[in-house]
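Accompanying notes for the structure given below.
The values are calculated or read from the model by the stated rules, or taken from the named source; none is laboratory data. Since the structure is predicted, the reported quantities are computational estimates derived from the model, not experimental observations. When we count neighbours, we look across all protein chains shown, and the Cβ atoms used for this are built from the backbone with ideal geometry, even at glycine. For the accessible areas, the whole protein counts, side chains as well, though only heavy atoms, and no ligand, DNA or RNA atoms are used. Shrake-Rupley method; radii C 1.70, N 1.55, O 1.52, S 1.80 Å.
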Amino acid sequence: SVCLGRKGIWEIALQTAADEHPPLHYFLLHLWQAVAGESAFAVRFSSLALATLTVALLYRVGRVVANQQVGFMAALFLAISRFHIWWSQEIKMYALATFLSLLSLYLFWRLLWNPRWLYWASFTLVNVLALYTHYLTLLVVLAENGVLVLIALGRVRRGESTRSLAVRWSLAQLILFLLFLPWLYLSATHPTVWRSPPPFQFSLFLRLAATVLSLGVTLEIDRYLWLVVGFVALTSAGLVLLLRGDTRERQGALLLGLTLGLPLVVIYLLSLPRATSFYAAKIEARYLLIFLPAYLLLLAWGVWLLGRRFWPLGLLSLLFVVASQGY
């Protein structure tokens with residue numbers, strides 16, 4: 001990463017076009033190294049700063065989507081997450097991709113309830129930057145599209161007009177495509193040779209994903225089975241309770257559920273031998289970091305909902321989540 005950051009902007013674009021990832025992280029690293037130098041502390045700090053901002057942003061997202069208590073717990077869970085701390089120190093694009101994806105979810109939620117042009121423009125720009133950071137951020141955009149389609153269908157059934165929503169959404173998607181089109185052209189003219197990753201059982205992939213998102217552990221995952229079951233149970237309880245709640249809670253459950261569920265399915269399908277010639281995702285724990293904030297927000301929401309019904313259960317759930325990170 002440091003060597004690539006030393007090159008010029010056009011050289012970076014050409015080299016990454018024939019590699020696995022888009023160039024925005026390396027563009028920023030090029031500028032950062034010119035200012036801060038190339039020491040290990042300096043280059044790692046660029047990721048650390050973004051990861052710290054992600055903690056603050058998750059508090060804001062939780063507060064807007066749910067309430068202040070959920071926002072605080074979600075930010076706490078992310079701040080002590082072994083998985084997040086681990087990749088907050090790597091000189092890679094994952095901290096930037098995670099921050100931009102979470103910012104996209106925040107802006108999407110705001111424009112659902114207050115569809116101002118400022119939110120639409122910001123939302124489109126953030127998604128463009130996310131796509132120029134990592135291809136898998138497209139899954140967040142697809143999840144948002146899915147939520148919007150379901151909301152629009154609900155409005156149609158109630159006899160409400162969706163014309164304004166459809167026009168603004170279509171315009172945002174068109175601008176997103178046009179701004180990303182130059183990179184698609186450059187990538188197509190500098191094709192990457194993809195190697196088929198080894199086969200991976202879907203059940204094992206789901207267990208690995210649940211263990212990584214919950215505990216940040218990638219080795220000997222069978223040792224942590226019961227802890228992970230506890231995390232999954234709390235997250236599932238939150239999802240079920242939200243789906244039984246009011247309109248705002250159901251939309252929150254739908255957004256977080258799709259943001260988590262869609263990547264798990266798509267990443268696994270992309271990892272299948274010769275699944276695609278454009279992008280072949282390997283089964284790597286780091287790919288899941290992009291979706292960690294959504295997982296922890298749903299986890300925090302579940303803990304809060306349980307505590308609202310029976311406070312000792314909520315307190316025990318909170319202590320379980322915090323204590324498990326130091327296990």
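Restricting the range 88-111 to residues that are over 11 Å from the mean Cα position of the chain (by Cα) and more than 27 Å from E38 (Cα to Cα) leaves a set whose member that is most open to solvent (accessible area, probe 1.4 Å) is R110. Counting only residues that are closer than 21 Å to G216 by Cβ, open to solvent by less than 50 Å² (accessible area, probe 1.4 Å) and among the polar types (S, T, N, Q), which one in the range 47-82 is nearest to the chain's Cα centre (by Cα)? Per the criteria, the residue is T54.
Here is a yes/no grid of residues against (1) modelled with pLDDT of 90 or more; (2) farther than 30 Å from R248 by Cα; (3) out of contact with any Ser or Thr (no Cβ under 9 Å at 6 or more places or on another chain); (4) not in a helix (DSSP H, G or I):
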{"residue": "L14", "(1), (2), (3), (4)": "no, yes, yes, no"}
{"residue": "P22", "(1), (2), (3), (4)": "yes, yes, no, yes"}
{"residue": "Y26", "(1), (2), (3), (4)": "yes, yes, no, no"}
{"residue": "L78", "(1), (2), (3), (4)": "yes, no, no, no"}
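Starting from residues that are out of contact with any helix residue (DSSP H, G or I) (no Cβ under 6 Å at 6 or more places or on another chain) and of a type in the set (D, E, K, R), keep the ones in the range 1-45 and report whichever is most open to solvent (accessible area, probe 1.4 Å). Across the range 1-45, the extreme among qualifying residues is R6. For the range 154-175, a residue qualifies if it is in a helix (DSSP H, G or I), modelled with pLDDT under 85 and surrounded by fewer than 15 Cβ atoms within 10 Å (Cβ to Cβ), and the qualifying residues are G154, R155, V156, R157, R163, S164, A166.
Note on the range 73-86: residues that are in contact (Cβ under 8 Å) with a residue 24 or more places away in the chain and closer than 17 Å to L318 by Cα amount to 9. Of the residues making up the range 123-148, those that are under 21 Å from L243 (Cα atoms), of a type in the set (A, V, I, L, M) and open to solvent by less than 70 Å² (accessible area, probe 1.4 Å) number 4. Anything in the range 241-260 that is exposed (fewer than 13 other Cβ atoms within 10 Å of the Cβ) and part of a helix (DSSP H, G or I)? List them, or say none. Matches in the range 241-260: T247 only. Might you check whether a residue that is outside any helix (DSSP H, G or I) and modelled with pLDDT of 85 or more occurs anywhere in the range 261-274? No, the conditions are met nowhere in the range 261-274.
Restricting I85, I151 to residues that are at negative phi and open to solvent by 20 Å² or more (accessible area, probe 1.4 Å) narrows the list to I85. The residues in the range 280-327 that are under 25 Å from L136 (Cβ atoms) and assigned to a loop (DSSP other than H, G, I, E, B) can be counted, and the count is 6.
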